[in-house]
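Notes to accompany the following structure.
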Amino acid sequence: MIMKKTATISSLNGLEQLFTGEDIGSLKKSFFEMQHLYQSAIREVSTKLEILDDEFQVIHKRNPIHHMQSRIKSINSIFGKLSRREHEISLDSAKENLNDIAGIRVVCYYIDDIYMIAKMLTQQDDIVLLRVTDYIQNPKENGYRSLHLVVSVPVFFSDRKEIVPVEIQIRTMAMDFWASLEHQLRYKTNDTVPLSVAHELQECADTIAKTDLKMQSIYKSIEELNKGDL
Ligand code: GTP
Ligand code: MG
C-alpha cells in the first residue's frame, strides 16, 4: 500500500490583508503548532489503518487498502471556510468549528472493504465516531460516492493529551477515479459545470458504481471457487 502525503507547510500568502506584521509572526508560530497537532493525529489514524491493512494481508493474503493520502487544510482554506460559515476568523475558532483540518483519504479495492475498514477502525476503544455520511448508500445528486467519517483520536504530548478530530474519506479506486476527474472538471469550469455535462458525469458515476458491484461479485465467485479447491 502506498502512502502519499501532500505538502503540509502551507504558505501564509494573502493573509497580510487580514493581519498586521506583528500578528502575522505570532499567527505563523501558532499555525505551525496547530499543524503539528493535526499532523500527529493523522499519523495516529494512518498507523491504525496500516496495521489493519497488514493484518488482513497476513490472514487473508490480500490487502483491502490500495493507497492512502493525507493532507492538512491550508491556512487560507481554513480562513476561507470560517468566513463562508460566518465564524470568527482565528485558529482557536478553527479548532472549535472545523472537523476537517486533518484529512485522510483511504482508497480500497472493493466496496465491502470500505465498510470493513470503517468498522474495524471505529470499534477501537480510543477512537470516537463523531459523524458518518454515507454517500455510497445515498450518493450525492451529482453522482459522488464515498463513505465519510469524522472520528476523534487522542494524541499524547510531553505534558498533555489532546483529542483531535480527523475526517476520513473511504472509497473504491473506481469512486476515486470519478471524484478526481469531477473535481478537476469543476475546478476548470469555476465550480459550475454545464447542465448537459453534469448529466453525463452522473451517468458515468452510475456506470462506475455498477462496475464496482460487478468486480466485487467476480471477486466473490473466484473466492468461492478457491474454497472449493481446498
Ligand atoms: P465541506 O468540507 O465544506 O464541503 O463540508 P462537509 O464536510 O459537510 O462536506 P462533505 O462531507 O460533503 O465533503 C467533504 C469533502 O468530500 C470535500 O472537501 C471533498 O473532498 C469531498 N467531496 C464532497 N462532495 C464531493 C463532490 O461532489 N465531488 C468531489 N470530487 N468531491 C467531493
Ligand atoms: Mg469537510
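Tabulated results
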quantity: Count of the stretch 98-123 residues which are surrounded by fewer than 16 Cβ atoms within 10 Å (Cβ to Cβ) and either within 27 Å of Gly80 (Cα to Cα) or of a type in the set (S, T, N, Q) (or both); calculated: 3
quantity: Residues of the stretch 148-185 classified as within 28 Å of Glu96 (Cβ to Cβ) and touching a Leu at 6+ places or on another chain (Cβ under 8 Å), total; calculated: 12
quantity: Residues that are open to solvent by 60 Å² or more (accessible area, probe 1.4 Å) and within 16 Å of ligand 2 (Cβ to nearest atom), drawn from the stretch 151-190; calculated: His183, Arg186
quantity: Qualifying residues in the stretch 75-94 (those that are among the aliphatic types (A, V, I, L, M) and either without any contact (Cβ under 8 Å) to a residue 60 or more places away in the chain or within 30 Å of Glu224 (Cβ to Cβ) (or both)) - the one surrounded by the most Cβ atoms within 10 Å (Cβ to Cβ); calculated: Ile78
quantity: Only one of Glu224, Glu162 that is in contact with a Ser or Thr (Cβ under 9 Å, 6 or more places away or on another chain), away from ligand 1 (no atom under 15 Å from the Cβ) and not hydrophobic (A, V, I, L, M, F, W, C); calculated: Glu162
quantity: Residues within the stretch 68-89 that are touching a Phe, Trp or Tyr at 6+ places or on another chain (Cβ under 9 Å) and away from ligand 1 (no atom under 14 Å from the Cβ), tallied; calculated: 2
quantity: Wholly within the stretch 36-122, helices (runs of 4 or more DSSP H) carrying at least 3 residues that are over 25 Å from Phe177 (Cα atoms); calculated: 75-84, 91-97
quantity: Tally, over the stretch 27-74, of residues that are open to solvent by 70 Å² or more (accessible area, probe 1.4 Å), over 19 Å from the mean Cα position of the chain (by Cα) and within 30 Å of Ser90 (Cβ to Cβ); calculated: 4
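Here is a yes/no grid of residues against (1) of a type outside the set (Phe, Trp, Tyr); (2) surrounded by 19 or more Cβ atoms within 10 Å (Cβ to Cβ); (3) closer than 17 Å to Asn97 by Cα:
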site: Asp125; (1), (2), (3): yes, no, no
site: Leu129; (1), (2), (3): yes, no, yes
site: Lys140; (1), (2), (3): yes, no, no
site: Ser146; (1), (2), (3): yes, yes, no
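Every residue, every condition in (1) among the hydroxyl-bearing types (Ser, Thr, Tyr); (2) within 25 Å of His148 (Cα to Cα), yes or no:
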| position | (1), (2) |
| --- | --- |
| Ser180 | yes, yes |
| Arg186 | no, yes |
| Thr189 | yes, no |
| Val197 | no, no |
| Ile208 | no, yes |
| Lys214 | no, yes |
| Ile218 | no, no |
| Ser221 | yes, no |
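The values are calculated or read from the model by the stated rules, or taken from the named source; none is laboratory data. All figures in this text were calculated on a predicted structure; none of them were measured in a lab. Note that each Cβ is placed from the backbone with ideal geometry, even for glycine, and that neighbours are counted across all protein chains shown. Accessible surface is based on the protein model in full, side chains and every heavy atom, while ligands, DNA and RNA are left aside. Shrake-Rupley method; radii C 1.70, N 1.55, O 1.52, S 1.80 Å.
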